[in-house]
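Right, one structure below, let's go through it.
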Amino acid sequence: MSRSPVRDFVVGLFILAGLAAIAYLSINVGGLSYNGPGGLTLYASFDQTGGLKARAPVVISGVKVGQIAGIELGSDYRARATLNLDAKLALPTDTTASIQTAGLLGDRYVALQLGGEEKTLKSGDEISFTESAVILERLIGKLVHNAPGPNDKTE
């Protein structure tokens with residue numbers, strides 16, 4: 001049986017297509033993305049991030065509009081998140097950022113609620129109104145330690 005150059009070429013194309021598909025899936029599953037230059041960069045400070053990570057989504061009304069570029073400790077000892085958003089957004093200055101959980105025990109993400117101001121945030125601005133993450137362990141601890149005992153009377 002002799003080797004056919006056409007068959008070798010087709011097999012080579014098939015292998016290249018497979019490698020390209022694996023690379024594409026690896027990048028998508030890893031959450032790596034390139035938003036290009038000129039994105040809207042905003043900052044938000046939180047008392048508690050509750051496990052929020054870099055590359056977590058930023059959503060408005062359930063639609064992804066960006067991602068967390070990084071989280072660092074600010075000069076006021078609060079967590080300062082850098083939000084990399086779609087450059088086409090025009091967010092009012094009274095926009096609120098809150099850390100939410102996807103599902104009961106899912107991953108954290110930042111949800112933006114738009115305000116009613118006419119002035120808009122510019123790249124490099126800080127979101128003034130933030131709501132930190134709700135920590136499930138703290139809620140359970142408060143429930144356990146502040147719950148009335150069996151002999152306590154409630155009026």
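Just so it is clear, none of the values below were taken in a lab; they were calculated from the coordinates. For clarity, every value in this text was computed on a predicted model and none was experimentally measured. Positions of Cβ are generated from backbone atoms using ideal geometry, with glycine treated the same way; all protein chains shown enter the neighbour counts.
A few notes on this one:
- Listed by chain and number, the lysines whose alpha-carbon sits under 23 Å from that of K88, ignoring those within fewer than 8 places in the same chain, are K64, K119, K122.
- Prolate/oblate/rounded label for the range 16-101 (Cα gyration tensor, a/c 1.5): prolate
- Residues whose placed amide H lies under 5 Å from that of E131, excluding near-sequence neighbours: A97, S98, I99
- Normalised alpha carbon radius of gyration of the chain [divisor 2.2 N^0.38 Å]: 1.58
- Relative contact order of the chain, defined on C-alpha pairs under 8 angstrom at six or more residues apart (%): 23
- Helix 136-146 and the longest principal axis of the C-alpha atoms of the chain enclose an angle of approximately 20°.
- Straight-line cross-link partners of K142 among the lysines, defined as a Cα under 29 Å from its Cα and at least 8 positions apart when in the same chain: K53, K153.
- Electrostatic bookkeeping for V134 treats Lys and Arg as +1 and Asp and Glu as -1; over the other residues with beta carbon under 15 Å from its beta carbon, the sum is -1.
- Computed from backbone phi with θ = phi - 60° and the Karplus coefficients 6.51, -1.76 and 1.60, the 3J(HN,Hα) list for the range 59-72 is 10, 10, 6, x, 9, 5, 10, x, 8, 7, 7, x, 9, 9 Hz; x is used for glycine and proline.
- Theoretical FRET efficiency, 1/(1+(r/R0)^6), r = Cβ-Cβ of S128 and I27, R0 30 Å, to 0.05: 0.30
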